[in-house]
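J.: My questions will all concern the structure given below.
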């Protein structure tokens, strides 16, 4: 099936918005055996749509963007006009849009009505996070898909398209995967030499993000899929924390709940990111009672009883201070697990012996305190994110 993804928007053309939708859609389609052979970005101009559609011979054409209520959101009406398909006003969708504006107490403009017009015999994909529904329809022996541009709205709709395509094309595929932490993609790939040749009936796709990586296994043969995943697990089990639906913070919170344990945090360079990751999980109030952001020397001494002598002699970013932060935190909060983070996120603050990315961690559990040292690459936000994930992984390894 020849497939094209057409992204609409001046903000993408000018580089103000990164086209993450292309990567998301392409990867998901690839997992069910559909390769994207063409990607195009166009401006919100009617002639651009017509020009692209005139030469596009793809069987599946996916548009993202331009479904909103403003005057420059013209994807729906322009594509429908190009294919000369008959439309109708969906009263249920119009009611949903009105209810959406009612919930947020904002006046609905007349221009929002156009979001409820659809080709006859089309499949409407509801938008739970916005006002612009998606739609799938057929025209000129092609399958046309219209998605909104915001990724948080598009991604849930994409799963509906995947279900439709698997049924339409009679694709019977099994797909599972693992999420890993504490190991890099290059290290895994080096260890997988010969692995792909050993499992030719299974597509194995890695997707790396900052601090984590997931591997998706897809095959029409369920037994071969399980065999491949078992082989993979035997190699990297110590780094695997869950399946594709799991989150690192989620499994940690659940384990703490199961063990009826309380955790507390003391953060410097991450400025509360660890506490945020834990508390964004539903049910975290059972296991998280308090956390400290001790950004200065004074705060570390005041709230965590870090010795002034240690701060002066070793500096705030040191093994000794991370150790005292964790011990002080455990004493102040009476938590079962106390975690401390102190580091240099950059872009300034480094010295010849303390480079940007240097981070120390402390973890106190059952009266025993361990400390850890890492140097993370990347800019300020990447260092902070990597430090947060590293701390979560320390907690995971302590609990499991």
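The values are calculated or read from the model by the stated rules, or taken from the named source; none is laboratory data. All values derive from a computational prediction rather than experimental measurement. Every residue, glycine as well, gets a Cβ built from its backbone with ideal geometry; the counts of neighbours run over all protein chains shown.
J.: Please indicate, with yes or no, whether at least one residue in the range 237-257 is at pLDDT below 95 and farther than 24 Å from residue 209 by Cβ.
T.: Within the range 237-257, not a single residue is at pLDDT below 95 and farther than 24 Å from residue 209 by Cβ.
J.: Scan the range 160-175 residue by residue and report those that are in contact (Cβ under 8 Å) with a residue 12 or more places away in the chain and more than 11 Å from residue 135 (Cα to Cα).
T.: Once the filter is applied, which keeps residues that are in contact (Cβ under 8 Å) with a residue 12 or more places away in the chain and more than 11 Å from residue 135 (Cα to Cα), the range 160-175 yields 162, 164, 165, 166, 168, 169, 171, 172, 173, 174, 175.
J.: Within the range 46-76, track down each residue that is over 15 Å from residue 144 (Cα atoms) and in contact (Cβ under 8 Å) with a residue 24 or more places away in the chain.
T.: 46, 68, 69, 70, 71, 72, 73, 74
J.: Quick one: is residue 393 in contact (Cβ under 8 Å) with a residue 12 or more places away in the chain, assigned by TED's automatic domain parsing to the domain that holds residue 301 and either closer than 15 Å to residue 268 by Cα or surrounded by fewer than 16 Cβ atoms within 10 Å (Cβ to Cβ) (or both)?
T.: No: the conditions fail for residue 393.
J.: Across the range 364-382, what is the total count of residues that are in contact with a strand residue (DSSP E or B) (Cβ under 7 Å, 6 or more places away or on another chain) and closer than 25 Å to residue 347 by Cα?
T.: 6
J.: If a residue counts only when it is at pLDDT 85 or above, which strands (runs of 3 or more DSSP E) contained entirely in the range 84-196 have at least 3 such residues?
T.: 87-89, 123-125, 134-139, 142-147, 174-181
J.: Quick one: which residue in 198, 235 is surrounded by fewer than 16 Cβ atoms within 10 Å (Cβ to Cβ), free of Cβ contacts under 8 Å to residues at least 60 places away in the same chain and within 30 Å of residue 170 (Cα to Cα)?
T.: So the residue among 198, 235 that is surrounded by fewer than 16 Cβ atoms within 10 Å (Cβ to Cβ), free of Cβ contacts under 8 Å to residues at least 60 places away in the same chain and within 30 Å of residue 170 (Cα to Cα) is 198.
J.: Can you pull out every residue in the range 197-233 that is part of a helix (DSSP H, G or I) and in contact with a strand residue (DSSP E or B) (Cβ under 7 Å, 6 or more places away or on another chain)?
T.: Answer for the range 197-233, where residues must be part of a helix (DSSP H, G or I) and in contact with a strand residue (DSSP E or B) (Cβ under 7 Å, 6 or more places away or on another chain): 222, 225, 228, 229, 232, 233.
J.: When you go through 396, 384 one by one, which is the residue that is farther than 18 Å from residue 293 by Cβ and outside any loop (DSSP other than H, G, I, E, B)?
T.: Going through 396, 384 in turn, the sole match is 396.
J.: Among the residues in the range 258-266, are any in the same structural domain as residue 362 (by TED's automatic domain parsing) and assigned to a helix (DSSP H, G or I)?
T.: Scanning the range 258-266 turns up at least one residue that is in the same structural domain as residue 362 (by TED's automatic domain parsing) and assigned to a helix (DSSP H, G or I).
Condition check ((1) touching a strand residue (DSSP E or B) at 6+ places or on another chain (Cβ under 7 Å); (2) closer than 23 Å to residue 290 by Cβ) across all residues:
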site	(1), (2)
320	no, no
324	no, yes
330	yes, yes
334	no, yes
337	yes, yes
342	yes, yes
354	no, no
358	yes, no
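J.: From 306, 281, which residue is within 25 Å of the chain's Cα centre (by Cα) and either assigned to a loop (DSSP other than H, G, I, E, B) or not assigned by TED's automatic domain parsing to the domain that holds residue 326 (or both)?
T.: 281
J.: Could you tell me which of the residues 329, 399 is closer than 18 Å to residue 262 by Cβ, buried (at least 19 other Cβ atoms within 10 Å of the Cβ) and modelled with pLDDT of 95 or more?
T.: Result of the check over 329, 399: 329.
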